[in-house]
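**Student:** Just passing along the structure, written as C-alpha cells.
Read-outs: derived from the displayed coordinates by stated rules, not from any lab. As the structure is a prediction and not an experimental result, all values here were calculated from the model. With ideal geometry, Cβ positions are generated from the backbone for all residues, glycine too; neighbour counts draw on all protein chains shown.
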Amino acid sequence: MNRRQTYTKNFPAIINKIGVSIYILVCTHFLWTVSVMAGGIIFGILPANKTIYQVQKELSDSKTTNSGERFPIFQFWWSRIKINLKELWFVSWMISLVQLILTASWIWLSQTQGIITIGLFYLSIFLWLIWAIVSITFAYFMAAYPNISKSELFKNAFCYPLVFLLEYIICMTIITVSMTLVWNTIPGLVVFLGISASLLAFGVFLEIIQSGYVLKKLFSNWRRIE
C-alpha cells in the first residue's frame, strides 16, 4: 500500500478526530462561560479555569476517549464545578479584587501626566498581566496536582512567571498573535473557541516547562534540564 492509499484510508479517521477536537473546544468554551456566570463572574473565574483544566486533563487521560467511546463531558463538568465553586469562591474573589484594583490604577494613571506617572502606568500593566498569568497557572496546578496544598501550589504559580519569564513572554505572545490573526480572518472561531483554545495552549506550554524544557536564551533551541 503506497502513501497515497494510506492517507486515503486514514482520511475519515483524521476528519473525525478533527471534528471531535473542535466539538470539545466548543463545549469547554461554553462550559467555561457558564461556570463564570454561575459564580457571578468575580467568584467564578478561578473555579471555571480549574474545572476546564480538569476536563481537558480527564479527556487526555481518559481510556474511553482513546478507545473511541463518548466521554461524559457535561456530567464530569457538573460534578467538578459544584465542588470548585464551593471551595474556591473566596480565593477567586480575592484574585479578582486585586485584578480590579490594578485595573483601576491602570485607568487612573492613563489619564494623568508626568514621567513618574508614565513609569507607574507601565508598571501597573506589567503587574496586571503577571497577576492574570499567576491566576491561570494556579488554576492549572490545582487541576494537575490535587493532592498538594493550595498554598504550595500558589507559591509555585507565583514563582513560575518570574523564573520562566522569557518562556512566558514567548508563549503569551504566540497566543495573543494567533488569536488576533484568527479574529481578523474568522472572528467566529474566537467567539466560540477563544477561551478554551487559549487555556489549552497555555496548559500545553506548562506541560512543556514541567517536562524540563526551557529556552537557554532568546531564539535558541529547546533544551532539556538534566
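**Student:** Which entries in 57/155; 17/50; 57/86 show an alpha-carbon gap greater than 30 Å? Don't skip to the answer; put the middle values down first.
**Tutor:** Working: 57/155 22 Å; 17/50 25 Å; 57/86 21 Å.
In this structure, no pair lies more than 30 Å apart at Cα.
**Student:** Using a Förster distance of 25 angstrom, determine the FRET efficiency expected from the C-beta separation of residue 123 and residue 145, and round it to 0.05. Present the calculation step by step, with values, prior to reporting the outcome.
**Tutor:** Values: r = 32 Å, r/R0 = 1.26.
Calculated value: 0.20.
**Student:** With r defined as the distance between the Cβ atoms of residue 103 and residue 26 and R0 fixed at 25 Å, what FRET efficiency is calculated, to the nearest 0.05? Display every interim value, and only then the final one.
**Tutor:** Values: r = 29 Å, r/R0 = 1.17.
Result of the calculation: an efficiency of 0.30.
**Student:** Quote to one decimal, in nm, the extra length available between residue 15 and residue 112 on full extension: 0.36 nm per residue of separation minus the C-alpha distance between them.
**Tutor:** Values: separation 97, 0.36 × 97 = 34.92 nm, distance 5.42 nm.
Residue separation times 0.36 nm, minus the Cα-Cα distance, leaves 29.5 nm.
**Student:** What is the order of 176, 51, 28, fewest Cβ neighbours within 10 Å to most?
**Tutor:** Numbers: 176 11, 51 30, 28 25.
Listed from fewest to most nearby Cβ atoms, that is 176, 28, 51.
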